[in-house]
Amino acid sequence: MSTKLEDFIRDNKREFDTDRPSAGLWNKIEAELDKKEQLKKKHKRMFNIQLWAGIAASFIVVLAVTFLYVIPAKRGRLSVADVNPVYAQKQVKFVSLIEQKQDSLQAFAKTNPELYRKFKADFEVLNKTYEGLTKEMAGSPNQQMVVKAMVRNLEIQIQLLNQQLFIINEVSQYKKENSI
């Protein structure tokens with residue numbers, strides 16, 4: 001039986017071998033493979049472009065945040081020393097004197113609370129003006145003039161505190177003289 005089968009295959013071999021691939025099939029397969037490789041390269045290039053575009057967009061966002069928040073905040077922190085170092089030394093001296101005089105004035109607050117409140121209210125008006133000048137200095141086109149006004153305000157604060165201390169001393173002395 002096996003010889004009959006072998007004979008049959010041998011006799012009909014041509015009929016079995018008719019399903020050979022055509023000569024252009026390999027060319028078609030190679031062309032498809034080339035297309036797939038080109039498509040992969042194209043996608044890879046697009047991915048690289050998208051990656052770099054994303055990095056660039058992130059960088060732009062970081063720069064925008066910096067310019068919107070950090071730089072205006074720095075402008076607000078401009079100090080007197082940045083504008084005029086001589087006035088900065090005066091400012092430090094005056095602020096120290098003001099703190100000392102306020103401490104002295106506060107010592108009399110217990111004996112004359114009503115008078116102390118009035119004095120404090122007068123001082124707060126000058127202090128708020130000083131704070132306003134401090135805020136204005138950063139955006140002012142003439143920062144030198146604003147700094148001079150700030151130092152002048154501190155001088156006026158010292159004069160006011162001196163007058164207040166003088167008045168409190170006078171009131172205290174008057175009370176001592178009249179209590180005897």
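A short reminder: the numbers here are calculations on the coordinates, not readings from a lab. This structure is a prediction, so every number in the text was calculated from the model and none was measured. Ideal geometry is used to build each Cβ from the backbone, glycine not excepted, and the neighbour counts take in all protein chains shown.
Using the Karplus curve 6.51 cos²θ - 1.76 cosθ + 1.60 with θ = phi - 60°, what ³J(HN,Hα) values do you get for each residue of the stretch 168-177, in whole Hz, with x for Gly and Pro?
5, 4, 5, 5, 5, 5, 4, 5, 5, 5
What residue among Gly24, Gly132, Gly54 has the largest mean-square fluctuation in a Gaussian network model of the chain, using Cα springs under 10 Å?
With Cα springs under 10 Å in the chain, the top fluctuation among Gly24, Gly132, Gly54 is at Gly24.
What does the extension gain come out to for Lys135 and Leu25, with contour length at 0.36 nm per residue minus their alpha carbon separation?
31.4 nm
When you have a sec, figure out the Kirkwood radius of the chain from all distinct Cα pair distances and drop it here in Å to one decimal?
Over the chain, the inverse of the mean reciprocal pair distance is 25.2 Å.
For Val125 and Ala107 in the same chain, what is the full-extension length gain: residue separation times 0.36 nm, less their Cα-Cα distance, in nm?
Extra length available between Val125 and Ala107 comes to 4.4 nm.
Tell me, what HN-Hα J-couplings in whole Hz come from the Karplus equation 6.51 cos²θ - 1.76 cosθ + 1.60 at θ = phi - 60° for each residue of the stretch 82-98, using x for Gly and Pro?
Using θ = phi - 60°, the values come out as 5, 8, 8, x, 5, 5, 5, 5, 4, 4, 4, 4, 5, 5, 5, 4, 4 Hz.
Treat each spin label as a single point 7 Å out from the Cα along the C-beta direction, and report the Arg117 to Phe8 distance in nm.
12.4
Please give every one of the lysines within straight-line cross-link reach of Lys176, meaning a C-alpha to C-alpha distance under 29 Å, and leave out same-chain neighbours fewer than 8 residues apart.
Lys101, Lys110, Lys118, Lys120
Given the options Leu115, Leu51, Leu68, state which has the largest fluctuation in a GNM of the chain using a 10 Å cut-off (strictly under) for Cα springs.
Leu51
Leu97 to Ala64: FRET efficiency via 1/(1 + (r/R0)^6), r the Cβ-Cβ distance, R0 41 Å, to the nearest 0.05?
Efficiency, from the Cβ-Cβ distance: 0.35.
Mind checking the full-extension length gain between Ala149 and Leu51? Use 0.36 nm per residue of separation minus the Cα-Cα distance, one decimal, nm.
This chain segment gains 29.9 nm when fully extended.
Can you compute the helix-only [θ] at 222 nm over the chain? Use -39500 (n - 2.57) per DSSP H run of at least 4 residues, normalise by all residues, nearest 500 deg cm²/dmol.
Using -39500 (n - 2.57) per qualifying helix, the result is -29000 deg cm²/dmol.
Using a simple spin-label model with points 7 Å from Cα along the Cα→Cβ vector, what separation in nm is obtained for Gln159 and Lys176?
2.9
Highest GNM mean-square fluctuation, the chain, Cα pairs closer than 10 Å: which of Ala23, Ala64, Ala56?
So, out of Ala23, Ala64, Ala56, the one fluctuating most is Ala23.
For a quick check of your reading of the filter: which trypsin sites (Lys or Arg not before Pro) in the stretch 92-138 sit in a DSSP loop and have no more than 16 other Cβ atoms within 10 Å?
Here the sparse-neighbourhood loop sites are Lys110.
Relative to the compact globular guide of 2.2 N^0.38 Å, what is the alpha carbon radius of gyration of the stretch 85-180, as a ratio?
1.30
What list of ³J(HN,Hα) values in whole Hz, one per residue of the stretch 99-116 in order, does the Karplus curve 6.51 cos²θ - 1.76 cosθ + 1.60 (θ = phi - 60°) give from phi, with Gly and Pro shown as x?
4, 5, 5, 5, 4, 5, 5, 5, 5, 8, 4, 6, 7, 9, x, 5, 5, 4
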